[in-house]
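A short write-up of the structure that comes next.
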Amino acid sequence: MPDHQQTAVRAELARAKVNLALHITGQRNDGYHLLESLVAFPQIGDRIALEPSEKLELDIDGPFARELDLAGDNNLVLRAVRGFAERAKIDVPSVKITLTKRLPVASGIGGGSSDAATTLRLLEDVTGVYLSDADLHELAASLGADVPVCLTPEPQVMRGIGEDLAAAPLLPACGIVLVNPKVTLETPDVFGALDKKNNPQLAKMPDAFDDIAALIAYLTNSRNDLQTPAMSACGAIGEVLNFLQGDSRILFSRMSGSGATCFGLCAPTEMRAIETDLRTAHPDWWIASGPLS
Ligand code: C5P
């Protein structure tokens, strides 16, 4: 292990990315869609731990470990490590990465993107080699359209195809419940099934959302344009949304990203009870809750 590498285990939560609103506003010539999205990162996520090792290794554990291809070079975490070494002009770091996969894969909450972004930030700390912001964002964007936003797990507004980022207004203290009916959806299929691509932009946001009511008033006038095509492909999304809408403690519900995970917003004091009740009613669904930001 080179001298500049430290020996302690570094671990971080790779937070889920939730699209509170997602407007598709156009399409580029290369097929990628232009979007505007208000994104938040609840305190719910995978865990990434890095420790010194003889060589680069990746171990995957946790409830969704089996869904990932362990050996695959396509794993976004390994691609992040190799991309980092190439950009930083260093040898591939000899680290053991343990990914505890708690978020369902291909589920609209950016689990893989967040794993890759968290790995990049931890690699900077472990190697002591810091890329410029521009280099880090370019590397992140080369790994996937949602990876740059996941580098800063704070409320943000995404534009372009996801690479144009701005800080979002402060969000109020709020609880969130995430529900996935254990169905995976392929992102390109959902984008491909969009009827209309030039939808209106997000409305102007206030400087801050002072309370949950202000956030919900804003969200009520926004959309997730991918929700209709995702629901056509996957009937279970409608079941989840009906269930969330039928719970009076849930103040707002919608699908995130290209689905199938849906979210419900609630008072922070209610989220654990809602999670417990949902689990009892639907032991077949994946359910998690936590503070919104
Ligand atoms: O960039 P990433 O590989 O995560 O995107 C997966 C797929 O989602 C793309 O191949 C594309 O079909 C679709 N996509 C899109 N427009 C975006 C982001 C993703 O059409 N802004």
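Tabulated results
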item: For Tyr130, Tyr218, order by how many other beta-carbon atoms lie within 10 Å, fewest first; result: Tyr130, Tyr218
item: Relative packing of peptides 166-175, 138-147 - highest average C-beta neighbours within 10 Å first; result: 138-147, 166-175
item: About the Cα centre, charge dipole magnitude for region 10-166 (Lys/Arg +1, Asp/Glu -1 at Cβ), debye; result: 240
item: Residue-by-residue Karplus 3J(HN,Hα) for region 187-200, coefficients 6.51, -1.76, 1.60, Hz, glycine and proline x; result: 3, x, 5, 5, 4, x, 8, 5, 6, 10, 10, 9, 8, x
item: Helical contribution to [θ] at 222 nm, DSSP H n ≥ 4, -39,500 (n - 2.57), averaged over the chain, rounded to 500; result: -9000 deg cm²/dmol
item: Hypothetical label at Ser53: residues of region 92-116 whose amide nitrogen lies under 13 Å (7 Å Cα-Cβ projection); result: 93-100
item: Other-chain or far-sequence residues with amide H under 5 Å of Ala14's (modelled H); result: Asp46, Arg47, Ile48
item: Shape box of region 149-293 [Cα atoms, principal axes, largest first, Å]; result: 41, 37, 28
item: Relative contact order of the chain, defined on C-alpha pairs under 8 angstrom at six or more residues apart (%); result: 24
item: Amide H partners (placed H, <5 Å) of Ala267, local residues excluded; result: Gly175
item: Derived scalar couplings ³J(HN,Hα) [region 248-258; Karplus, 6.51 cos²θ - 1.76 cosθ + 1.60; whole Hz; x for Gly, Pro]; result: 5, 7, 8, 8, 7, 9, 6, 7, 9, x, 9
item: Distance (nanometres) between label positions extended 7 Å along Cα→Cβ at Arg249 and Tyr32; result: 4.1
item: Per-pair calculated FRET efficiency, R0 = 25 Å: Asn221 and Lys196 via Cβ, rounded to 0.05; result: 0.90
item: Residues whose placed amide H lies under 5 Å from that of Lys96, excluding near-sequence neighbours; result: Glu51, Ser53, Glu57
item: Check: region 60-149 dipole with +1 on Lys, Arg Cβ and -1 on Asp, Glu Cβ, in debye; result: 220
item: In sequence order, calculated HN-Hα J values of region 157-167 (Karplus, 6.51, -1.76, 1.60; Hz; x Gly/Pro); result: 10, 9, 9, x, 9, x, 8, 9, 10, 9, 5
item: Convex hull volume of region 160-234 per residue (C-alpha atoms, cubic angstrom); result: 134
item: When each of Lys101/Lys196; Lys55/Lys182; Lys17/Lys197 is checked by Cα-Cα distance, pairs over 26 Å; result: Lys101/Lys196; Lys55/Lys182
item: Inter-label distance, nm, simple model (7 Å from Cα along the C-beta direction), Thr228/Glu163; result: 3.0
item: Where only alpha carbons of region 10-166 are counted, the Rg and the Dmax (Å); result: 15.2, 48
item: Distribution of pairwise C-alpha distances over the chain, 10 Å bins, in %; result: 6, 29, 35, 22, 8, 1
item: Order of Ser53, Ser293, Ser248 under a 10 Å beta carbon neighbour criterion, fewest first; result: Ser248, Ser53, Ser293
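The numbers here are math on the coordinates, done by the rules we state, and not lab data. These numbers were taken from a predicted model, which means no experiment stands behind them. Quick reminder, even Gly has a Cβ in these numbers, built from the backbone with ideal geometry, and neighbours come from all protein chains shown.
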